[in-house]
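Here the structure comes first, spelled out in structure tokens, and everything after it is commentary.
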Amino acid sequence: MADMPALLATWEQKFRPHPDGAELPAHHDHCLGCGPDNPHGHRLQARRQGDGVAASHAFDERHVGAPGIVHGGAVATVIDDLYGFLLYLVGTPAVTRQLTVDYLAPALIGATYHLEASVTGREGRKLFVAATLTAPDGRSVATSTAVFVTVGVDHFGRRGVPSLDA
């Protein structure tokens, strides 16, 4: 992974206003969710959609749980990463405090799913967010809610376990 100063230097391009419909930049090149250089990653590409974000994604054989079915952890990874793109619209970095995923139906390997996420509320440093994963036939496959906690840039340069008190 790139060194921390080089990564932080790219944030000015990310945490700024993005026009509606704009493709949003990857969090970093090796991000498990969206990094183009991570051989195990999902390479999620998100775009701004009004006050939220959206993406289309097809899971492949690297993401299999039961035969033909996407591993639940892979679904959660993609949803959590989609939430990360919302932070560009909010204008500040944050970290996941709590992530809940309701699996409503199996996600299938090879099908292309539509994802949408939005901020539903804010209380101090806490951001409340929600997302849906929709199958090609329009059925909701998963829904999610999460709480993120905004942090300063220095949070990412620390070693050890940071405090998430909020």
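Each reported figure results from applying straightforward, stated rules to the coordinates on display, with no laboratory input. Please read all numbers here as calculations on a predicted model, not as lab measurements. Cβ coordinates were reconstructed from backbone atoms using ideal geometry, including for glycine residues, and neighbour counts include every protein chain displayed.
When the chain is treated as a GNM, springs tying every alpha-carbon pair under 10 Å, which of Gly84, Gly52, Gly72 comes out with the largest mean-square fluctuation?
Gly72
Which value, to two decimals, describes the C-alpha radius of gyration of the chain once divided by 2.2 N^0.38 Å? Walk me through the numbers before you get to the answer.
Details: Rg = 15.6 Å, N = 166, 2.2 N^0.38 = 15.3 Å.
Scaled against compact globular proteins, the figure is 1.02.
Trypsin sites (Lys or Arg not before Pro), restricted to segment 38-90: which are DSSP loop and have at most 16 other Cβ atoms within 10 Å?
Working: sites: Arg43, Arg47, Arg48, Arg62; in loops: Arg43.
Sparse-neighbourhood loop trypsin sites (Lys or Arg not before Pro): Arg43.
Any idea how far apart Asp29 and Asp60 come out in nm if each label point goes 7 Å out from Cα toward Cβ?
Spacing of the two 7 Å Cα→Cβ label points: 2.0 nm.
For the pair Leu108 and Thr120, how long in nm is the line joining their label points, each one 7 Å along Cα→Cβ?
In this crude label model, Leu108 to Thr120 measures out at 2.9 nm.
Would you kindly state how much longer the chain becomes between Thr134 and Phe15 on full extension, computed as 0.36 nm times their sequence separation minus their alpha carbon distance, in nm to one decimal? Please report the intermediate quantities before stating the final value.
Working: separation 119, 0.36 × 119 = 42.84 nm, distance 2.73 nm.
40.1 nm is the gain from fully extending Thr134 to Phe15.
Under the Karplus relation 6.51 cos²θ - 1.76 cosθ + 1.60, θ = phi - 60°, what is the ordered set of whole-Hz ³J(HN,Hα) values for segment 95-107, x standing for Gly and Pro?
10, 6, 9, 8, 10, 10, 10, 9, 8, 9, 7, x, 8
Going by amide H atoms built from the backbone, whose H comes under 5 Å of the H on Ala111, apart from near neighbours?
Phe59
As an exercise, use a Förster radius of 30 Å and the Cβ-Cβ distance of Arg43 and Arg97 to find the FRET efficiency, rounded to the nearest 0.05. Please list the in-between numbers first.
Details: r = 26 Å, r/R0 = 0.86.
Here the calculated transfer efficiency is 0.70.
Compare His27, His155, His63 in a GNM of the chain, Cα atoms joined below 10 Å, and give the one with the largest fluctuation.
Result: His155 has the largest fluctuation of those listed.
Helix 72-90 against the longest principal axis of the chain: what's the angle in degrees, Cα atoms only, rounded to the nearest 10?
Here the helix axis deviates by roughly 40 degrees.
Restricting to Cα pairs below 8 Å that are 6+ residues apart, what does the relative contact order work out to for segment 4-157? Please round to a whole percent. It would help to have the intermediate numbers written out before the result.
On the way: 325 pairs, mean separation 32.4, N = 154.
Answer for segment 4-157 is 21 percent.
Kindly provide the helix-only [θ] at 222 nm of the chain, computed as the sum of -39,500 (n - 2.57) over DSSP H runs of four or more divided by all residues, to the nearest 500 deg cm²/dmol? Write out the running numbers ahead of the final one.
On the way: 3 runs with 29 residues, N = 166.
Here the helix-only value at 222 nm equals -5000 deg cm²/dmol.
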